[in-house]
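Computed from the coordinates by the stated procedures, all read-outs in this text should not be read as laboratory data. Quantities reported herein were computed from a predicted structural model and do not represent experimental measurements. Glycine also receives a Cβ, built like all others from the backbone with ideal geometry; neighbour counts cover every protein chain displayed.
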Amino acid sequence: SKSLYSSRGSSFAHIESPTENEALGSEVLRDPEVAGRNQFWIGLKSDNSDRGVYHWSDGRAVSQYVGFWAIGQPEEAEGNCVAVSLSSSPLWSRAPCRQLLPLICQQPACVEGSFYCRNGKCSTQSDICNGRDECGDVSDEENCPG
């Protein structure tokens, strides 16, 4: 899954504030493709080697006391990966990593008026269709007229 999202310039979602947690729930639930689903993977995992410490997908460590855990969570016996349930307020729980759930990913934003390259880089509008690959993935040179 990491190669899938990183090839598109994104990463697993990192949720670090109550505002981000609530926004995640409302943003994801607006997507018609997720209708009927209420549990999703976020980029947090425990390897149980350092009890009470979790790691975001980029390697940053975080204490189990940080987050938006459901009542009775985190429960070590439930699995090593962290999923968010969006059935009401977004709440986290541990689950087996082998469980098939949709991923919530995030992409960096480009400034208004710029071009978002397929690989996640940003480029200026003047770079589009100018015959040079400024993105590094040729996405700024695709679908050009003539």
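Go through segment 1-105 and name the chymotrypsin sites (Phe, Trp or Tyr not before Pro) that are in a DSSP coil and have 13 or fewer other Cβ atoms within 10 Å of their Cβ. Before the final figure, lay out each step's value.
Values: sites: TYR5, PHE12, PHE40, TRP41, TYR54, TRP56, TYR65, PHE68, TRP69, TRP92; in loops: TYR65, PHE68.
Sparse-neighbourhood loop chymotrypsin sites (Phe, Trp or Tyr not before Pro): TYR65.
In this rough spin-label picture, where each label sits 7 Å from Cα along the Cβ direction, the VAL53-SER114 distance is 3.4 nm. Compute the helix-to-body angle for 18-29: its Cα long axis versus the longest principal axis of the chain, expressed 0 to 90° and rounded to tens. Orientation of helix 18-29: about 70 degrees from the principal axis.
Taking all Cα pairs closer than 8 Å and separated by 6 or more residues, the relative contact order of segment 54-124 comes to 19 percent. Just check segment 101-140 against the gyration tensor rule for me: Cα atoms, a ≥ b ≥ c as the square roots of the eigenvalues, rounded for a/c under 1.5, and otherwise prolate or oblate depending on whether a/b exceeds b/c. Since a/c reaches 1.5 but b/c is at least a/b, the shape of segment 101-140 is classed as oblate. Seen from PRO74, the other residues with C-beta closer than 15 Å to its C-beta sum to a net charge of -2, counting Lys and Arg as +1 and Asp and Glu as -1.
Longest segment of the chain with no GluC sites (Glu not before Pro) in a DSSP loop having at most 16 other Cβ atoms within 10 Å? Walk me through the numbers on the way to the answer.
Working: sites that count: GLU16, GLU75, GLU112, GLU142.
Excluding the exposed sites themselves, the longest stretch runs over 17-74.
Among the trypsin sites (Lys or Arg not before Pro) found in segment 15-62, those both in a DSSP coil and sparsely packed, with 12 or fewer other Cβ atoms within 10 Å of their Cβ, are ARG30, ARG51, ARG60.
Computed over every Cα-Cα pair of the chain and binned at 10 Å starting from 0, the pair-distance distribution P(r) comes out as 11, 34, 29, 17, 8, 1, 0 percent.
The GNM of the chain, with springs linking C-alpha atoms under 10 angstrom apart, assigns the highest mean-square fluctuation among VAL82, VAL62, VAL34 to VAL34. For segment 1-134, relative contact order (Cα pairs under 8 Å, six or more residues apart, normalised by length) works out to 27 percent.
The residue list TYR116, SER11, CYS81 was ranked by how far each Cα lies along the charge dipole of the chain toward its positive end, using unit charges on Cβ atoms, and CYS81 comes out on top. For segment 136-146, the Karplus equation 6.51 cos²θ - 1.76 cosθ + 1.60, evaluated at θ = phi - 60°, returns couplings of x, 10, 6, 5, 7, 10, 8, 6, 8, x, x Hz by residue, with Gly and Pro reported as x.
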